[in-house]
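Before any comments, here is the structure.
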Amino acid sequence: MSLSPQHTAFLFPGQGSQAVGMGKTLAEAYPVAQQTFAEADEILGYPLSRIAWEGPAEQLNDTRNTQPALVVHSIAALRVLQQMLPNFHPAFMAGHSLGELSALIAAESMSFAEGVTLARARGEAMHAAGGGQGGMAAVLGLDIPTLEAICRAASSDAERVEIANDNCPGQVVISGHKAALDRAMALAQAEGARRVVPLAVSVAAHSYMMAAAQQAFNQALEATHIQSPAVPVVGNIHARPLETAKAVRADLQAQLTHRVRWTESVRYMLQAGVTTFVEIGSGNVLVGLVKRIERKTQRLTCGTVEDCAALAAA
């Protein structure tokens with residue numbers, strides 16, 4: 001196993017990757033990780049680290065805590081990696097949905113304090129807009145055109161369902177009003193989907209139902225100092241690098257109500273010569289998706305003490 005900066009991309013996970021205990025052993029082993037969690041507690045004014053490390057799960061799974069916790073774990077792991085490999089700069093960075101904030105902090109487009117504050121504000125805005133009327137489901141085994149047609153058929157003027165995440169070929173997440181979502185799930189099964197799995201969420205992320213969260217999030221975004229990323233960050237909305245502060249703002253703003261084009265984002269990086277993907281933070285969901293998109297890749301994780309030791313050895 002070897003790492004070549006010009007052929008490597010750092011990936012940052014989004015919601016769904018959280019787990020009680022995330023980052024705890026990393027913080028116990030590395031002072032810089034401990035310091036990162038302590039810094040976040042001070043920025044937010046409450047013990048986020050305790051929620052991440054001890055739970056309970058219901059509290060960690062509250063999107064107001066989930067979002068900043070995932071960002072903090074990713075940056076703690078990144079800082080450990082940077083201590084081990086101080087001159088290593090990847091060719092690209094990308095984050096899945098919320099993970100884009102972690103990627104932007106890592107690429108020096110915004111400070112850690114600004115990014116953590118924005119993650120909390122994003123969680124609060126989405127929580128307030130949830131209203132219990134929305135939901136999401138993963139559909140396995142159907143392609144995008146088929147699912148787009150299903151979503152159109154299941155939607156009405158009052159109740160809509162849309163594609164939220166194009167994760168990898170054969171794995172797509174749909175999102176919207178519960179009634180329309182139920183209709184779409186039934187149609188997907190009738191169309192021959194391998195599996196249709198309702199997700200344990202109370203909000204319809206990346207759909208029109210998040211429009212109610214837009215104003216509060218936009219205000220928080222306006223107050224955030226953003227600059228051009230020092231490393232290219234492939235954005236979720238257009239699956240292309242965000243090269244200016246204006247492009248970063250536009251992508252983050254549009255994210256709430258638009259789909260995550262993850263398959264296209266990974267393919268863009270592959271076409272640009274990336275052969276190694278390192279997922280930084282909690283879990284291994286994203287490298288699993290990369291494997292489904294292109295098996296001929298080197299896929300690594302950096303979120304635990306063992307991960308960091310293996311990467312340093314590489």
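The values are calculated or read from the model by the stated rules, or taken from the named source; none is laboratory data. Predicted model only: the values in this text are computed from it and were never measured. Virtual Cβ from ideal backbone geometry, glycine too; neighbours counted across all protein chains shown.
Condition first: under 23 Å from residue 239 (Cα atoms), surrounded by fewer than 24 Cβ atoms within 10 Å (Cβ to Cβ), outside the structural domain of residue 267 (by TED's automatic domain parsing) and under 15 Å from the mean Cα position of the chain (by Cα). Can you find one or more residues in the range 125-148 that meet it? Looking through the range 125-148, none of the residues is under 23 Å from residue 239 (Cα atoms), surrounded by fewer than 24 Cβ atoms within 10 Å (Cβ to Cβ), outside the structural domain of residue 267 (by TED's automatic domain parsing) and under 15 Å from the mean Cα position of the chain (by Cα). Could you list all residues from the range 1-13 that are modelled with pLDDT of 95 or more and surrounded by 15 or more Cβ atoms within 10 Å (Cβ to Cβ)? Those that are modelled with pLDDT of 95 or more and surrounded by 15 or more Cβ atoms within 10 Å (Cβ to Cβ): 7, 8, 9, 10, 11, 12, 13.
Taking the numbered list (1) over 19 Å from the mean Cα position of the chain (by Cα); (2) over 27 Å from residue 293 (Cα atoms) in turn, residue 192 passes all entries but (2). No other residue among 109, 74 is buried (at least 24 other Cβ atoms within 10 Å of the Cβ), in contact (Cβ under 8 Å) with a residue 12 or more places away in the chain and farther than 23 Å from residue 166 by Cβ apart from 109.
Against the list (1) outside the structural domain of residue 250 (by TED's automatic domain parsing); (2) at pLDDT below 95; (3) not β-branched (Val, Ile, Thr), the condition residue 213 fails is (1).
The rows are residues; the columns are (1) within 30 Å of residue 108 (Cα to Cα); (2) assigned by TED's automatic domain parsing to the domain that holds residue 94; (3) out of contact with any helix residue (DSSP H, G or I) (no Cβ under 7 Å at 6 or more places or on another chain).
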site: 168; (1), (2), (3): yes, no, no
site: 182; (1), (2), (3): no, no, yes
site: 185; (1), (2), (3): no, no, yes
site: 188; (1), (2), (3): no, no, no
site: 239; (1), (2), (3): yes, yes, no
site: 245; (1), (2), (3): yes, yes, yes
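In this structure, residue 175 qualifies as outside the structural domain of residue 96 (by TED's automatic domain parsing), polar (S, T, N, Q) and either out of contact with any Phe, Trp or Tyr (no Cβ under 9 Å at 6 or more places or on another chain) or under 23 Å from residue 17 (Cβ atoms) (or both).
Which ones in the range 192-219 are assigned to a helix (DSSP H, G or I) and not hydroxyl-bearing (Ser, Thr, Tyr)? Step through it out loud before you land on a result.
Taking the range 192-219 first, the residues assigned to a helix (DSSP H, G or I) are 208-219.
Residues satisfying the conditions are 209, 210, 211, 212, 213, 214, 215, 216, 217, 218, 219.
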